[in-house]
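Notes to accompany the following structure.
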Amino acid sequence: MKKILIIGMVDSIHTFHWIERIMADDTIVYLFSSRKHRRVHPELVTLLQVNSQIVLVGAFPLLGLSPYWSFVRSFILKAIGVNGSFLLRRHLKKKKYEFIHALEIQHAGYLMLDAFDLIPSTSKTIVTNWGSDIFYFSQFPEHRQKIQALLKRVDCYSAECERDYELAIELGFEGKRMAIIPNSYSFTHPSEVSQTTSDRNQVIGKCYGEVFGLGSIILECVKMILSENPQIEVFLYSVTKDLEKQAGTLKNMYPSRLRYFTARNPLSHEDLIKEFARSRIYVGASRSDGISTSFLEAMSQGAYPVQTDTSCASEWLQMGCVGSVVGTTKDEIYKAINSALQDDELVNRAQKENSRVLIETTDFEVLSEAAKAFYS
């Protein structure tokens, strides 16, 4: 049996999607949590319950453990000098793997770096770039030094776009470049009665702020759109705590035309896909991003994408997708949204072409075959 150690975020849907792709009859996946006091994602819990070839290792959070008790447990471990690095090193002293894969850099990758002296030369090491792992964090000296040290030691590196491969080489990577594939997305087929995009009257936006998001600009654009287009409705999701008050004020102004879900009270993935399928336009804006899974999911459901150029979205337009990749100013984002509201032909062409490209490149079987090739 092929033994693979995955170091990753157990509470992330992205980790679940990757493991789901790579499972095979000849494979056992050992999963080590890259972050402390985290609950295992519900989708991953379900997968664990039906597949005995996925094994949790390390001082893992118990399935179903509340965040409070998980935090207490983590605090106790830390008080006695037990952290993620200690646990991973202890585990690697006991067990050897053919493949050791860090899914994401700032947590999983750094843990791998701390334990590299215990990884035998016979183990193939892989690190996968998530989102802004190197595009954003390489700007900071402390992170840049760690990223460079990690990239110089791993055998393989994977990313979601050409931009991040070029940057990895600049940072000293000399190993094997893995195929460019989305880390956590596979094509989600629209419902059989998928509405033509030009017949839809909803704009959907990912409204997060904090370090990476530009949700405040999206809110400014939404206010203008609602004011100027009485027939348009807006749905916002992942509204972060710093933007909740602003979103609430806008909701009070347009109570029947604006709905939103906060990051603290998230919408289920299934329900989010349904909202994409009801939307004419999707808006994503950030200071830094990777491919943006929401960008792909929106396109799969026929929503015309407006995405800032701080992501890798432009590479998908080069592949034949139709959308607007714009700068990060309010004027640029608003202009793209307004144009898509006025142009039925544009949004309908995008619905057709984007579905075609995604079916060809991101169907589950296509991505599963490419992901399994990482471990050959």
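Odds and ends about this structure:
- Only listed residue being out of contact with any Leu (no Cβ under 9 Å at 6 or more places or on another chain) and loosely packed, with under 15 Cβ neighbours inside 10 Å, chosen from 176, 152: 176
- Answer from 292, 300 - the residue that is touching a strand residue (DSSP E or B) at 6+ places or on another chain (Cβ under 6 Å) and within 19 Å of residue 362 (Cα to Cα): 292
- Residue in the stretch 89-101 that is within 25 Å of residue 312 (Cα to Cα), touching a helix residue (DSSP H, G or I) at 6+ places or on another chain (Cβ under 9 Å) and assigned by TED's automatic domain parsing to the domain that holds residue 55 present: yes
- Here the stretch 222-246 is the region considered, the condition is being among the aliphatic types (A, V, I, L, M), within 25 Å of the chain's Cα centre (by Cα) and part of a helix (DSSP H, G or I), and the residue that is farthest from residue 207 (Cα to Cα) is 222.
- Set 291, 281: member being aliphatic (A, V, I, L, M) and part of a loop (DSSP other than H, G, I, E, B): 291
So that you can scan it fast, the table gives a plain yes or no per residue for (1) of a type in the set (S, T, N, Q); (2) assigned by TED's automatic domain parsing to the domain that holds residue 138; (3) surrounded by fewer than 16 Cβ atoms within 10 Å (Cβ to Cβ):
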residue	(1), (2), (3)
253	no, no, yes
257	no, no, no
260	no, no, no
265	yes, no, yes
290	no, no, no
299	no, no, no
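- Residues located in the stretch 208-224, provided they are touching a residue at least 40 places away in the same chain (Cβ under 8 Å) and surrounded by fewer than 19 Cβ atoms within 10 Å (Cβ to Cβ): 211, 212, 220, 224
- Members of the stretch 131-167 found to be in contact (Cβ under 8 Å) with a residue 40 or more places away in the chain and assigned to a helix (DSSP H, G or I), listed by number: 147, 150, 153, 162, 163, 164
The values are calculated or read from the model by the stated rules, or taken from the named source; none is laboratory data. All figures in this text were calculated on a predicted structure; none of them were measured in a lab. Every residue, glycine as well, gets a Cβ built from its backbone with ideal geometry; the counts of neighbours run over all protein chains shown.
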